[in-house]
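The values are calculated or read from the model by the stated rules, or taken from the named source; none is laboratory data. All values reported here derive from a predicted model rather than from experimental measurement. Here the Cβ positions follow ideal geometry from the backbone for every residue, glycine too, while neighbour counts run over all protein chains shown. With ligands, DNA and RNA removed, areas are computed over all heavy atoms of the protein, side chains included. Shrake-Rupley method; radii C 1.70, N 1.55, O 1.52, S 1.80 Å.
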Amino acid sequence: MTTHKSPIGPVQLAPLSIARTLWKRKLLILICSVAVSLAIALVVYKLPTRYSAEALILVDAQKIPERFVSSTVSSDVQDRLATISQQILSSTRLVKIIEDFDLYREEKKSFVQEEILEMMRKDISIKLERGWIVGNRPGAFRIGYLGRDPAVVAQVANRIANLFIEENLKTREVQAEGTSDFIDTQLQESKKRL
């Protein structure tokens, strides 16, 4: 109960008196509720439909134990992901994706290419997933894309995920070749010494 002071003394508002007041103004309350509901429905209806698609990429650890062969990839998952992200989110790769899927059709009429590329970068999300490997290190990451057409959004998310996988394979291949060349050089020097 709420008490208010009046010249006569404290006035108490009982729950029953509040209910009576609301009942007397039920038509006003109903009209306000309907008006607010209609305004919210109109705003939601006017908002553009946005769909999101994500691809989860698992980071596969080295299969051969490190006591036999040291890892050819010495960088952390986060470092490799940052490096690959810069390559994937480069202007040339994004322009190709935009052209292949005819993205941002309406925006191309009023924005320059750099602004459209920035829009695409904002629509792409890259999040590390923790807890997939012992020690709570990231063992997976999610690539997401946000857009208007659900089928195109899924295709774009898959294309970006494939680009990450391909770029990682190229990087590993280059590092493995470097390791192989180093081992060959060391082997030749050892043969000369013997």
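The calculated FRET efficiency for E107 paired with L194, based on their beta-carbon distance and R0 = 45 Å, is about 0.10. Take the Cα of L58, step 7 Å toward its Cβ, do the same at L22, and the gap between the two points is 5.4 nm.
Ranked highest first by average number of other Cβ atoms within 10 Å, how do 145-156, 181-192 line up?
Packing order, densest peptide first, comes out as 145-156, 181-192.
Give the carbon-plus-sulfur fraction of the accessible surface of region 85-194 in %, rounded to a whole number; probe 1.4 Å, heavy atoms of protein chains only.
Values: 3830 of 7200 Å².
Carbon-and-sulfur percentage of accessible area, whole number: 53.
Computed from the Cβ-Cβ distance with R0 of 30 Å, the FRET efficiency linking Y51 to S90 stands at 0.75.
In this label model, K127 and A82 are separated by 2.1 nm, measuring between points 7 Å along each Cα→Cβ vector.
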